[in-house]
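Okay, structure first, notes after.
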């Protein structure tokens, strides 16, 4: 777990095929369970919730570990991934971007080409299937960028369940397209007006709903965080991404990658792709946080730039806090990374030196979005553009025989209003104004 890389010029070994029947991915590292039976990753994780939620979490834990062991559950989920959400998603060699930047070869795992345009559908299908096995009659969720809300509304329609999505009022405005689509899918979208009116407040609102409606309601949590068993469960459902990358790169290059890069908000897309490579110390794992406008307090969402250990929203991890221990205001151009905490397994892996964390600023993210669009014809989500931004810095430093895989966790359709404002596009502004005034019909 020392995070060592292969020496320059040394090719990582050809990956071994996973053992027959392997489905969930790595759950133990150097003899350390991930997590332990109480839901801890070292000092992180656990379950810190009101007493009235404890029975629901016990029921969820027992149900999850019982159902996931059943081959019929695995087969049903695999069929949904394949026929409903278009898995496997492609692993694409970004030849133009590689040539433009120089240095290492860059591959993109194109999660944005799956159903709903992001990786969130992976764990939403898994949790909705579990909810149906548990006999739950209703789904609720929280969302920031709206991709998790969209995916939850989608699977709710697929399984015939009513759905309520909690979303901060600020995020609803900047992600209006996803709000529109959620409502078309039949979901009730609740605007959260408390606090900073962003993702953390949406989480709090959803947990309050769950407390009062726990008997028939399933809380479909959107990232690898929260009280046990959510961090492990979301990781397990997302680990399909890393398994596919391993197999796809073996076919394309006959070897493991030298580095895997992913953006990190709560951590679902990052732990999903990292999980397959945790036991391969020659594969460097890099998480990219939101550097925002600057690294001054309140201007970013980089938890390892001033964050401290705390217990928030049912789990222990790193959180951006003020001197009184209150959660700080955060900022990111991407709504999905605008969050003060990070998943407990990722915090533990950072302490172990197995995952290295960096940050990318809003300015770098916009530049990365534009470069990828113009070099490869790919419109990336602003969240995933954080990972591209760091790849633009890092790949040119590596020899040409190295391979970097970037998890392109979503596509950029949802970000059109944010991007148009950031790029100060006059034509788009004029169009929106004319449409609002009824000049365009």
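Each peptide among 72-85, 357-370, 171-184, 406-419 gets the average number of other Cβ atoms lying within 10 Å of its residues, and from highest to lowest they stand as 406-419, 357-370, 171-184, 72-85. Rg ratio for region 189-320: its Cα radius of gyration over 2.2 N^0.38 Å, N being its residue count, equals 1.23.
Averaging the sequence gap over all C-alpha pairs within less than 8 Å and six or more residues apart, then dividing by the number of residues, gives region 259-405 a relative contact order of 27 percent. Computed over region 24-78, the P(r) curve from all C-alpha pair distances, binned at 10 Å from the origin, holds 19, 41, 34, 6 percent per bin. Need one word for region 69-187: rounded, prolate or oblate. Basis is the Cα gyration tensor (sqrt eigenvalues a ≥ b ≥ c); a/c below 1.5 gives rounded, then a/b vs b/c decides. Since a/c reaches 1.5 but b/c is at least a/b, the shape of region 69-187 is classed as oblate. Taking each DSSP H run with n ≥ 4 as -39500 (n - 2.57) and averaging over every residue of the chain yields -12000 deg cm²/dmol at 222 nm. By definition, a body whose alpha carbon gyration tensor gives a ≥ b ≥ c is rounded when a/c is under 1.5, and the chain falls into this rounded group.
Given region 117-271, report the % of alpha carbon pairs whose separation exceeds 29 Å. Summing the P(r) of region 117-271 above 29 Å gives 18 percent of all pairs. Of the residues 163, 263, 141, 86, the one with the fewest other Cβ atoms within 10 Å heads the list, and the complete ranking is 86, 163, 141, 263.
Return one quarter of the surface area of the convex hull spanned by the alpha-carbon atoms of region 62-129, equal to its mean projected area, in nm². Its average projected convex-hull area is 6.0 nm². Mind running the shape call on region 312-355? Use the C-alpha gyration tensor, a ≥ b ≥ c as the square roots of the eigenvalues: rounded below 1.5 for a/c, prolate if a/b tops b/c, oblate otherwise. Oblate shape, in that a/c is at least 1.5 and b/c is the bigger or equal ratio. In terms of surrounding Cβ atoms within a 10 Å radius of their Cβ, 332, 239 rank from fewest to most as 239, 332.
Distance between Cα centroids, region 32-89 to region 133-203: provide it in whole Å. Each part's Cα centre sits 21 Å from the other's. Fewest-first ordering of 138, 354 by other beta carbons within 10 Å of each residue's beta carbon gives 138, 354. Its residue count N fixes a reference of 2.2 N^0.38 Å for region 335-374, and the Cα radius of gyration divided by that reference is 1.53.
Kirkwood hydrodynamic radius computed over region 183-249 comes to 14.4 Å, based on all pairs of distinct alpha carbons. Taking the chain as a Gaussian network of alpha-carbon nodes connected by springs under 10 Å, the highest mean-square fluctuation of the residues 206, 224, 279 belongs to 279. On the principal axes of its alpha-carbon atoms, region 346-441 has extents of 58, 32, 19 Å, going from largest to smallest. The mean sequence distance of close C-alpha pairs (under 8 Å, at least 6 residues apart), as a share of the length of the chain, puts its relative contact order at 22 percent. Taking N as the residue count of region 246-362, its C-alpha radius of gyration divided by 2.2 N^0.38 Å amounts to 1.12.
Every number here is computed from the coordinates shown, using simple stated rules; none is lab data. Everything numeric in this text was worked out from a predicted model, so none of it was measured. A quick note on method: Cβ atoms are made from the backbone with ideal geometry, for glycine too, and the neighbour counts reach across all protein chains shown.
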